[in-house]
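Each remark here refers to the structure printed beneath this line.
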Amino acid sequence: MTMSEEKVEAEVVETTEVNQIDYYYDMKERDHEEIVQWIASAEEELADLRLRKALLEADFSELLKEYRRLITTNAPISTIAKTNLLDYFSYELLKPLKEVGLEQAEVYNTWESRHFLIAYQLDENRDLELNFKMDVVDVRFDASFMPLILVKPVEMTVEVDEKQVLELIHLWHTEKIFSRTQLSLINYDLNQLLSWFKELGFSVAPSLLDNTQALTVDLESELPLETKILDNIFITTMESEEYDFEKLGTDHYQVKLNQEQNVYIRSENGRTHLFVDSNNRRRSILDFFTHYPFLVPLIVRN
């Protein structure tokens, strides 16, 4: 073998050894990256399990803190953790309904009690919307979920959608899918929730649903003040010794009820305006109109 051949052979051996060494380190690098990924995945899973464990052990104040930290900020947590947090948080809000059989429904994000279903969902501001679907008198009818209550955990406020409260009156009196007894039970349960929200530290805005306040409220209906409706109210009041009806002026009337309660009626720009005064008697608008159904057509009708 010539010196030139020996030199070429040595270079080939050296190149082969270098390639073997490079392959070895490449393999180690790939294994290292894979293990790092496994560790990161395991750490994420462990962190998720720790979070879910903490949520299981949390009381309301801790759940509220986690809602603000994770839900309000849309933090990157697992679907299971988010689902659990909203489930536990909503249960704490609805806890008074345990007395009327509160339990999870078969449908996701829904609770059921004796008188209605409650579905919770996040609105565009990531506040918690409570939607209620009331039981009906006749199974041939069906009620829709009503976005009745909005819980704002950051602001610690609760708001009631008063249009939905009036819709309840409409469904009872006009559509007749609820009975008067059902509406009274619904009214009671909803007020239990409002009282509980206050105990939890929320500021509950005054509303037509609240039965802890006297009614001194202005109501406006898009419906015109029809003579036929006024005639029916007049006839009803004249048939009762507890009621009276007076005309105060042009398109302006007063209905005197028992316990010195009054309803003032006037027509303005084709709309009906009411002022309800319960004489310091604490009652919700649901309670009021179920006791005086002859006044309901002033605000809702077919």
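The values are calculated or read from the model by the stated rules, or taken from the named source; none is laboratory data. Just so it is clear, the model here is predicted, and its values are computed rather than measured. No Cβ is skipped: glycine too gets one built from the backbone with ideal geometry, and neighbour counts run over all protein chains shown. The accessibility values were calculated without ligands, DNA or RNA, using every heavy atom of the protein model including side chains. Shrake-Rupley method; radii C 1.70, N 1.55, O 1.52, S 1.80 Å.
Considering only residues that are assigned to a loop (DSSP other than H, G, I, E, B), small (G, A, S) and within 19 Å of L168 (Cβ to Cβ), which ones fall in region 268-286?
Result: S284, single match.
Take the conditions part of a loop (DSSP other than H, G, I, E, B), open to solvent by 70 Å² or more (accessible area, probe 1.4 Å) and over 20 Å from S113 (Cα atoms) and apply them to E175. Does it pass?
Criteria met by E175.
Out of all the residues in region 148-172, which are assigned to a strand (DSSP E or B) and basic (K, R)?
K152
Name the single residue that is least open to solvent (accessible area, probe 1.4 Å) among those in region 244-258 being within 40 Å of the chain's Cα centre (by Cα) and either among the polar types (S, T, N, Q) or over 16 Å from L274 (Cβ atoms) (or both).
Q254
Got a number for residues in region 180-204 being of a type in the set (K, R) and under 13 Å from V151 (Cα atoms)?
1
In region 229-241, is there at least one residue being in a strand (DSSP E or B), exposed (fewer than 14 other Cβ atoms within 10 Å of the Cβ) and among the polar types (S, T, N, Q)?
So far as region 229-241 goes, no, none of its residues is in a strand (DSSP E or B), exposed (fewer than 14 other Cβ atoms within 10 Å of the Cβ) and among the polar types (S, T, N, Q).
Which numbered condition in (1) under 30 Å from D127 (Cα atoms); (2) assigned to a loop (DSSP other than H, G, I, E, B); (3) open to solvent by 50 Å² or more (accessible area, probe 1.4 Å); (4) not aromatic (F, W, Y) is the only one that S207 fails?
Of everything listed in (1) under 30 Å from D127 (Cα atoms); (2) assigned to a loop (DSSP other than H, G, I, E, B); (3) open to solvent by 50 Å² or more (accessible area, probe 1.4 Å); (4) not aromatic (F, W, Y), S207 misses just condition (3).
So, Q182, is that one at pLDDT below 90, out of contact with any Gly (no Cβ under 8 Å at 6 or more places or on another chain), outside any loop (DSSP other than H, G, I, E, B) and farther than 22 Å from L128 by Cα or not?
yes
Within region 210-222, count every residue that is open to solvent by less than 70 Å² (accessible area, probe 1.4 Å) and part of a strand (DSSP E or B).
Counting residues in region 210-222 that are open to solvent by less than 70 Å² (accessible area, probe 1.4 Å) and part of a strand (DSSP E or B) gives 5.
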